[in-house]
1. For the stretch A:310-451, rounded, prolate or oblate, judged on the Cα gyration tensor with a ≥ b ≥ c (square roots of eigenvalues), a/c < 1.5 rounded, else prolate if a/b > b/c?
2. Find how many whole Å separate the alpha carbon centroid of the stretch A:419-487 from the alpha carbon centroid of the stretch A:58-72.
3. Any idea what the dipole of the stretch A:157-246 comes to, in debye rounded to 20, about its Cα centre with Lys/Arg Cβ at +1 and Asp/Glu Cβ at -1?
4. When we measure straight from the Cα of residue A:427, which lysines land under 20 angstrom away, once same-chain ones fewer than 8 places off are left out?
5. Take residue A:60 and residue B:75, extend 7 Å from each Cα along the Cα→Cβ direction, and tell me the distance between the two endpoints in nm.
6. In terms of modelled amide H atoms, which long-range or inter-chain residues lie less than 5 Å from the amide H of residue B:446?
7. Among B:126-137, A:414-425, A:254-265, A:306-317, how do they line up by average Cβ neighbours within 10 Å per residue, starting with the highest?
8. For the stretch A:375-485, rounded, prolate or oblate, judged on the Cα gyration tensor with a ≥ b ≥ c (square roots of eigenvalues), a/c < 1.5 rounded, else prolate if a/b > b/c?
Protein chains: 2
Amino acid sequence: MTDKAGSFNFDQQAMRQLGYRVVDLIVDHQTGMRSKPVARRRERAVYDRRFAAPPPRTATDPQAVLSEVAEHVLTGIAHTDHPRFYGYVPGPGNYVSVLGDALAAGFNVFAGHSLVGSSAAAIESITLGWLRDLMGMPSTAGGIFLSGGSMAGLSALHVARTRALGAGVTHDPTLAVYGTTEAHSSLAKALRTLGFGNDQLRLVPIDDSLRMNVQALAEMVRSDRINGLRPLAVIATAGTTSTGTVDPLLDIRRLCDDENLWMHVDGAYGGAARIGTCAKTLLDGLGMADSLVLDPHKWLFQPYEIGCLLVRDARSLKAAFAVEAEYLREAAASASSAADGLAGAINFYDYGPQLTRSFRALTLWMFLKTFGLDHVEQAIDRGIKLAEAAEAHISASSEWQIVTPAQIGILTFRSTIASRRRPQVIKRAVQAGLDEGYALITTTEVRGETVFRLCPIHPDAQFDEVATALNKLAVALGENDENQGNLPTEP
Amino acid sequence: MTDKAGSFNFDQQAMRQLGYRVVDLIVDHQTGMRSKPVARRRERAVYDRRFAAPPPRTATDPQAVLSEVAEHVLTGIAHTDHPRFYGYVPGPGNYVSVLGDALAAGFNVFAGHSLVGSSAAAIESITLGWLRDLMGMPSTAGGIFLSGGSMAGLSALHVARTRALGAGVTHDPTLAVYGTTEAHSSLAKALRTLGFGNDQLRLVPIDDSLRMNVQALAEMVRSDRINGLRPLAVIATAGTTSTGTVDPLLDIRRLCDDENLWMHVDGAYGGAARIGTCAKTLLDGLGMADSLVLDPHKWLFQPYEIGCLLVRDARSLKAAFAVEAEYLREAAASASSAADGLAGAINFYDYGPQLTRSFRALTLWMFLKTFGLDHVEQAIDRGIKLAEAAEAHISASSEWQIVTPAQIGILTFRSTIASRRRPQVIKRAVQAGLDEGYALITTTEVRGETVFRLCPIHPDAQFDEVATALNKLAVALGENDENQGNLPTEP
């Protein structure tokens with residue numbers, strides 16, 4: 001006789017029905033998305049009216065909970081996976097990887113160490129090896145899948161500092177890290193979290209193309225040394241979030257060699273473009289990084305929460321993160337110390353900030369197995385070319401001016417009419433787009449100017465829809481323009 | 001005419017079939033688990049032989065990929081969700097939350113800011129509010145869901161330091177953080193990552209019950225101040241991973257008030273027990289923490305990758321993590337500044353280390369809605385009582401001795417026979433258990449001694465199976481014991 005007092009299991013047939021319904025919801029969403037608005041947003045008060053109550057004491061029919069989720073929760077989001085989501089970085093995801101995520105959760109696979117998750121550790125290592133080779137990194141390199149680019153960047157900079165100071169040595173306030181204003185904001189946040197002061201992030205001037213000025217960097221490093229600072233690392237970006245710009249990687253590598261600096265490359269956005277053919281030359285030097293971040297949940301079409309850190313010397317990754325714990329004895333005993341940074345029994349809790357980890361690689365592994373690399377290459381090149389086509393379209397129009405050209409799938413532009421360049425006019429036009437829901441185009445700032453930004457890299461994005469979205473944006477700007485007498489004065 | 005060159009969509013009917021198969025795999029796993037071995041482990045070489053090849057160039061039938069996953073990947077793991085997994089902390093998960101995870105991935109919900117994910121931000125806030133109230137924290141408190149306890153603890157200590165130093169101020173090597181040897185290893189790792197030196201973690205003596213000695217702590221803090229250190233924070237543990245011990249929370253709170261120290265409570269393991277009735281008194285003072293970590297993927301029965309950080313003053317959480325980025329302007333403009341730390345439009349990227357975040361709260365919200373709080377309370381109390389029943393069973397046996405009593409679901413014990421206490425004999429017995437696969441019992445170290453540890457909190461765990469597992473362990477120890485002449489000499 002089995003005591004079932006606390007069990008959360010229920011009837012197998014009911015489980016199947018619920019599961020099939022979830023599958024149907026996802027399939028309908030993914031295949032019918034084009035006919036939905038790209039964005040829906042509601043005020044918090046709307047949700048509070050419906051949902052703000054203490055958690056229920058008693059059970060609710062799971063079918064009813066599912067209905068609430070389908071009707072009232074999943075309807076209040078922007079669809080970053082919509083083919084007309086051109087804002088930020090689209091999150092198209094893909095169905096096969098959703099199945100992988102469901103399996104990882106459904107079997108609750110623990111991918112922290114190779115004792116409990118031997119197959120998971122193996123598949124994670126093999127998948128990391130695929131990315132390592134595709135990025136042109138050497139076999140000494142190892143890595144880990146993390147929650148995303150932010151944690152991967154933080155971890156990389158922790159490795160750089162640990163290599164310089166030793167493990168468990170207190171932070172040195174004279175260390176200096178170099179990056180440009182165009183580097184991703186998560187890196188400044190990561191440095192703060194690591195204990196760096198704001199003034200330990202040294203801002204390197206950029207050239208006319210918004211790329212890091214390596215000559216200026218070299219001078220800063222030398223003068224910082226003279227002034228008692230301890231140059232540690234350079235953050236190069238392979239595809240900035242704002243404009244898709246790639247820093248001069250080979251020049252930075254040379255300087256890092258000369259000055260014994262750690263070269264960190266943030267390829268969260270653009271790194272994966274090395275898998276395609278269009279941006280290979282632009283990304284020369286990517287594989288020479290000491291640490292490299294990729295975001296498979298961006299341009300490798302994975303659902304969110306998979307970032308990738310690759311470190312040229314896997315041992316330095318382990319040295320930065322390994323700690324001893326008495327309750328992990330059994331796992332530690334069999335750990336790998338192979339020359340190939342991804343060979344043998346790897347306990348991934350020793351390679352990153354998390355102890356408990358889910359099986360993140362499963363989604364990417366299933367995706368690459370199912371679709372094959374040729375297809376991925378084609379999808380990446382297609383996104384790059386679509387941005388180039390949009391650039392040509394914008395250049396040919398008297399309505400628009402290009403601000404920064406299409407670079408690895410991102411371009412920025414402005415209206416040709418001066419009054420339509422006021423930040424508040426632009427903001428209202430974006431809001432009008434959000435409200436209508438046909439497409440989402442957001443803004444960024446280039447050299448102090450608020451400009452429109454287009455990132456049409458969803459694999460189902462279509463040129464004619466991009467053109468339509470641009471027309472709608474022009475109309476919204478014009479309507480704003482006419483009403484501008486009513487706008488409060490800009491500061 | 002639509003260009004489908006790079007699309008990863010495929011036939012809707014095929015999608016449904018694949019999805020239903022995944023559902024069936026998960027349902028069969030979750031309902032048939034008891035008849036499976038609790039653990040399967042294979043050497044890395046086995047997986048290399050099968051899977052180590054470059055990623056395929058061309059497509060593979062997704063049904064074939066799924067077969068590979070089902071037959072060769074998901075068969076090489078220990079099932080932390082198995083009712084006879086008594087090691088580490090079980091990860092039972094639950095089916096409703098798996099559906100939530102699948103929906104979050106399938107709709108690829110971006111829960112980073114309230115502009116793109118207004119419903120997600122609202123549900124996250126509401127769910128955090130549920131936990132805040134259940135833990136007895138005030139309404140000024142806010143929080144965030146993170147990848148797990150490791151990141152939540154790291155984030156908490158970052159908040160404590162930022163409150164002391166100011167945002168973006170370089171780390172102060174005289175800061176001191178206090179904890180015991182029994183605190184979770186992730187906290188030492190977190191401090192290292194934050195830039196603390198090993199000697200900035202001050203180890204407070206423990207009493208006979210392995211609890212923090214608050215008198216000794218008070219003396220350390222005073223003498224450290226005299227010696228020029230700057231006491232910052234105390235790490236109290238509500239349910240240590242090793243033995244389930246709870247530090248004296250009320251005494252620590254009083255000292256933190258007197259000495260102006262940040263009180264961080266690591267309730268990753270035991271905090272949720274406050275929801276039940278058995279451990280409420282033991283956990284008095286939990287809600288008075290300045291920061292509190294819970295792991296819903298432990299004792300709130302969620303699949304992995306959901307940790308929770310609650311901070312008494314939500315503003316200090318935001319002060320530590322908010323950064324400006326030009327491409328996030330639209331979202332930042334509408335951010336909440338309400339007195340209730342969880343009210344209004346919250347951009348969760350301002351409250352933690354990640355920018356891109358998936359919809360972590362969905363699983364927990366659906367779970368609590370579906371099963372109701374009474375059921376959760378019952379499940380927690382049941383785990384606590386089962387450990388107490390196991391303690392009574394062990395105490396009554398001449399074979400075993402209790403080392404630490406059942407505390408919030410964890411107990412440790414040893415063999416009564418001296419030769420069976422040798423670490424290598426114990427290790428072989430654990431390995432024999434792993435190989436047989438009936439149940440998993442692991443070890444820990446208490447006061448320098450390697451002992452067995454039992455954590456039978458899976459809601460489907462059964463007393464008679466625990467008893468059988470203990471019998472099997474005794475047999476394995478006996479067999480090892482007889483062979484001990486062949487063992488290499490212990491150092």
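The values are calculated or read from the model by the stated rules, or taken from the named source; none is laboratory data. What you see is a predicted model; the values in this text were computed from it and never measured. Cβ coordinates were reconstructed from backbone atoms using ideal geometry, including for glycine residues, and neighbour counts include every protein chain displayed. SASA here: full protein model, heavy atoms, side chains in, ligands and nucleic acids out. Shrake-Rupley method; radii C 1.70, N 1.55, O 1.52, S 1.80 Å.
1. prolate
2. The stretch A:58-72 and the stretch A:419-487 have Cα centres separated by 37 Å.
3. Using only the charged Cβ atoms, the result is roughly 320 debye.
4. Those lysines meeting the cut-off are A:472.
5. My value for the distance between the label points is 4.1 nm.
6. Residues meeting the amide H criterion: B:451.
7. Those peptides, ordered most packed to least, come out A:306-317, B:126-137, A:254-265, A:414-425.
8. Working: a/c = 2.11, a/b = 1.70, b/c = 1.25.
Prolate, since a/c reaches 1.5 and a/b exceeds b/c.
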